[in-house]
Amino acid sequence: MQLDIPPFYPVATDISERNEITEIIPQALYLTNWRGAADIQQLRLLGVTHVVAVGEEFLEDELPGITHWKNDITDEAEKASEMQGILEAASSFVHSALEGGGRVLVHCAAGASRSATVVLAYLMTHKEMNLLEGFGLLHRKRPASWPNEGFMAVLIALEASLRGASTISCDEYQRWTDWEGGEEEAEPSPEPLPPPSRPMLKRENTTLTLTERCEREQEIEGQKRLEALALDDDDALPQKPPMRRGLSRADLARQASEDSMAARLSRGKSSLSSADIQDAEVVDSLRFSVRSP
């Protein structure tokens, strides 16, 4: 007996796709990972006015001119009850911002699980979508979207409370998560299922290392310096020292990176050992490894 091809399965996307700021609702709601959220210039171009940041790495984030909503939930199935406790507030924040004419960016470390859970809760609660419809929309636009099993169980319960029943079951979602193509049993078939059209992912970690945190702060601080420089150039204030005008944008960005790294490492010395600092590696925010189908 053959397995049916599931409507969705977790896809191993590449770095550029994961860094992309994905438009979920045109000119209104966006989803991304930590790198996309650090791209201040792109946020300005998109007109983002509000940010939902889920992860303890982002509790101190403050971008000028942007209203933030933050929570420190980690991407673990065991945190399902905590996720359940914040979804109403997070969804209401998104709804109020959009109703007021704003544009909202939702992100976590990877832009796959925690942020996707918040977006799905909003779509069900305020856009009258059922869970299957919302998940279909999200997965088409951002194939890396895949809430962990605990968070999906929370979404299933939320839909049942809103509609009396859910369009996805926990067992069904688990089968989608585990699907690797091929046949379920040894029963022969003249037409076996085709392999997945894209490689599947295995989530190993969705938190940021110390080095990644430093890198993120470098990017943000560098962009803030560049924005400040642009404002200085526009104002052309005579009291500004001419030496500053002679610095290239690359020099300013480099200096901002060095200053931010020094400050971050200095702040972290009280809680991090030298081994922690030395062992930090630059890796992508979501550790995707391709599984052979």
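What follows draws every value from the coordinates through simple rules; no lab data is involved. Keep in mind it's a predicted model, so treat the numbers as computed, not measured. Here the Cβ positions follow ideal geometry from the backbone for every residue, glycine too, while neighbour counts run over all protein chains shown.
Expressed as a fraction of 2.2 N^0.38 Å, the rule-of-thumb size for a compact globular protein of N residues, what is the C-alpha radius of gyration of the stretch 10-56?
Working: Rg = 11.0 Å, N = 47, 2.2 N^0.38 = 9.5 Å.
In units of the globular-protein estimate, the stretch 10-56 measures up at 1.16.
Would you mind computing, in nm to one decimal, how far apart the modelled labels at Glu149 and His68 are, each placed 7 Å from Cα along Cα→Cβ?
3.4
³J(HN,Hα) across the stretch 131-146 via Karplus (A = 6.51, B = -1.76, C = 1.60, θ = phi - 60°), whole Hz, x for Gly/Pro?
For the stretch 131-146, the Karplus curve yields 5, 5, 5, x, 5, x, 4, 5, 5, 5, 7, 9, x, 6, 5, 6 Hz.
Based on the Cα atoms of the stretch 81-180, what semi-axes does the equivalent ellipsoid have, where each is the square root of 5 times one gyration tensor eigenvalue, given in whole Å with the largest first?
21, 16, 12
Extending each Cα 7 Å along its Cβ direction at Leu45 and Ile15, get the distance between those two points in nm, one decimal.
Using points 7 Å along Cα→Cβ, the separation is 1.9 nm.
Find how much the distance from Glu180 to Ala89 grows on full extension, using 0.36 nm per residue of separation minus their present alpha carbon separation; answer in nm with one decimal.
29.1 nm
Could you pull the Rg and Dmax for the stretch 15-178, using just the Cα atoms, both in Å?
Final numbers for Rg and Dmax: 14.6, 44 Å.
Can you tell me which of 57-63, 112-118 comes out highest on packing, and rank the rest after it, using the mean Cβ neighbours within 10 Å?
Details: 57-63: 15.6, 112-118: 29.1.
Per-residue Cβ counts within 10 Å, averaged per peptide and sorted highest first, yield 112-118, 57-63.
If you stretched the chain out fully between Asp4 and Glu56, how much longer would it get, using 0.36 nm times the residue separation minus the C-alpha to C-alpha distance?
Length difference between fully extended and current span is 14.8 nm.
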